[in-house]
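One structure below.
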Amino acid sequence: EPCSVMGMLCLILFLVAVSLWFFTNEYSTLSGVYAPTCAMRSRDFNWVVFVCLLSALWFSGRGSVEKSVYDHLGLFSIDCRSMVVILLSSFIVLVTMSLFKVKGSATYAVLGSLGACWLIGGSGSGPDWHFVLSFFAAPVMALVLSAVIRHAFSFIMSRVHVHMITLSYYMRYAVIMCIVLTVCAVGLNWGGLLCGIGYMMHDENFVAIAAVIIAAVVMVVSQRFVKSENEEHSSVFTDLSIYAVVSVGLSVAATMLFFSFETTASLLHLCPVPLSVSSLVLASVAGAEIAQRSRLIDDSEYVKETVAMTVSPAGSFVLSYLFLYLIGRGAEDAMVGFVVMAAAMLVLVSLAFAGYAKVQSRQKDAMIDPDTCAQQAKTDSDIRMTHVAKC
């Protein structure tokens, strides 16, 4: 039927857009934590992420996050009009923030738009505050866990005498274990959002298969163009020691797994919710800083992440509510099809323009005076020597 075909196109567009934003923006935060440790080669790291993430994404189709999103925000079926509004509102906010060098979370932006759709066309009951509170409790949990784990490392290492070579051998495998756990947790949590929204539009079997295939294709394609971006973001976490990296990785993985299952989240009377990778990483780094009483990253990173956590959902909520209020409910199928195709072109052109602007900015930065180039080369050399020393 035409409507089902249009719904399928909208769903595919949604999966492509969200996956593209994740792998070109939020993924760099995840890889930036582990890259300076040199625990794995870049190619091996990408393969581990590819296999673990897609495997966890497949199993997330019938998980607690998907059910929680559907129960709390899915009391109505998302039509093509609503999906177009969600995409437009989310990516207008995200692209606008990226122009100010603030990387917003597609997860929180989409949830903000979905909240506006729920408010206009969903149930008349009020929001479930346990569901809302879970988004604030997750970064706090990551911070506390990271501080505890980092403090435990300091306590153990002060009482156990191990040769540095032996210690580095075991810590390398600890980092690899953290990578696997973190990626699996991200796949279960992030996949719950994709499948939860997808089930509001289409058959669940199609959603799970489409999510895995699209995420795989987008990851392979995007990684060919964002290598320099990942390397640039990894320099933010250069000062993290191997103990801080393990503390951050374990806390992020534990927090995401905790909020990916009803059994664990209900222990604190909270709900399974999709979370932002960047917010949990920054919260975990802050916990490691508290434990070791030293600064690891610049204060501007915390400011940017705080702005991203608040502006992403709030901005997309306001835009979605405004669009839905102006459009109304009387759209015809032909008009819906036109809007869908126009929105698809707008989103793709916006993303392409943002990527082109980043490339031009890097090229412009590269064309600087020789003294600055020499200074940058010296800085890069110092960073590489630091990496070698940590390895």
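Within the set Met177, Met164, the sole residue that is under 30 Å from Ala208 (Cα atoms) and free of Cβ contacts under 8 Å to residues at least 60 places away in the same chain turns out to be Met177. With respect to (1) within 30 Å of Ile92 (Cβ to Cβ); (2) of a type outside the set (Gly, Ala, Ser); (3) open to solvent by 10 Å² or more (accessible area, probe 1.4 Å); (4) modelled with pLDDT of 85 or more, the lone exception for Thr24 is condition (4). Filtering region 271-298 to residues that are part of a loop (DSSP other than H, G, I, E, B) and under 29 Å from Leu193 (Cα atoms) leaves Cys271, Pro272, Val273, Pro274, Leu275, Ser276.
Take the residues in region 30-44 that are of a type outside the set (A, V, I, L, M, F, W, C) and open to solvent by 10 Å² or more (accessible area, probe 1.4 Å); name whichever of them is farthest from Val220 (Cα to Cα). Checked region 30-44; the qualifying residue farthest from Val220 (Cα to Cα) is Thr37.
Is it the case, given these coordinates, that Thr264 is at pLDDT 90 or above, over 23 Å from Gly104 (Cβ atoms) and under 24 Å from the mean Cα position of the chain (by Cα)? It would help to see each step written out before you state the result.
Values: at pLDDT 90 or above: yes; over 23 Å from Gly104 (Cβ atoms): yes; under 24 Å from the mean Cα position of the chain (by Cα): yes.
It is true that Thr264 is at pLDDT 90 or above, over 23 Å from Gly104 (Cβ atoms) and under 24 Å from the mean Cα position of the chain (by Cα).
Only residues that are of a type in the set (S, T, N, Q) and touching a residue at least 40 places away in the same chain (Cβ under 8 Å): list them for region 288-324, please.
As a first pass, look at region 288-324 and keep what is of a type in the set (S, T, N, Q): 292, 294, 300, 306, 310, 312, 316, 320.
Scanning region 288-324 gives Gln292, Ser312, Ser316, Ser320.
Report yes if some residue within region 45-61 is at pLDDT below 80 and either open to solvent by 50 Å² or more (accessible area, probe 1.4 Å) or more than 24 Å from Ile242 (Cβ to Cβ) (or both); otherwise report no.
Pass one, region 45-61, residues at pLDDT below 80: 60-61.
Now restrict to residues that are either open to solvent by 50 Å² or more (accessible area, probe 1.4 Å) or more than 24 Å from Ile242 (Cβ to Cβ) (or both): 60-61.
Within region 45-61 (the criterion being at pLDDT below 80 and either open to solvent by 50 Å² or more (accessible area, probe 1.4 Å) or more than 24 Å from Ile242 (Cβ to Cβ) (or both)), the answer is yes, since at least one residue qualifies.
Just a yes or no: is a residue in region 268-287 surrounded by fewer than 17 Cβ atoms within 10 Å (Cβ to Cβ) and without any contact (Cβ under 8 Å) to a residue 60 or more places away in the chain? Looking through region 268-287, none of the residues is surrounded by fewer than 17 Cβ atoms within 10 Å (Cβ to Cβ) and without any contact (Cβ under 8 Å) to a residue 60 or more places away in the chain.
Annotation: of all residues in region 155-176 being open to solvent by less than 80 Å² (accessible area, probe 1.4 Å) and modelled with pLDDT of 85 or more, the one that is farthest from Thr255 (Cα to Cα) is Met171.
Return the residues of region 78-105 that are small (Gly, Ala, Ser), buried (at least 24 other Cβ atoms within 10 Å of the Cβ) and under 22 Å from Leu280 (Cα atoms); say none if nothing qualifies. Give the steps one after another, and end with the answer.
Let us first name the residues in region 78-105 that are small (Gly, Ala, Ser), namely 82, 89-90, 98, 104-105.
In the following step, the residues that additionally are buried (at least 24 other Cβ atoms within 10 Å of the Cβ) were identified as 82, 89-90, 104-105.
Of everything in region 78-105, those that are small (Gly, Ala, Ser), buried (at least 24 other Cβ atoms within 10 Å of the Cβ) and under 22 Å from Leu280 (Cα atoms) turn out to be Ser90, Gly104, Ser105.
With respect to Leu351, is the statement that it is more than 30 Å from Met177 (Cβ to Cβ), modelled with pLDDT under 90, under 19 Å from the mean Cα position of the chain (by Cα) and open to solvent by less than 70 Å² (accessible area, probe 1.4 Å) true? So Leu351 passes the test.
The values are calculated or read from the model by the stated rules, or taken from the named source; none is laboratory data. Keep in mind it's a predicted model, so treat the numbers as computed, not measured. All Cβ positions, even for glycine, are placed from backbone atoms using ideal geometry, and neighbour counts span all protein chains on display. With ligands, DNA and RNA removed, areas are computed over all heavy atoms of the protein, side chains included. Shrake-Rupley method; radii C 1.70, N 1.55, O 1.52, S 1.80 Å.
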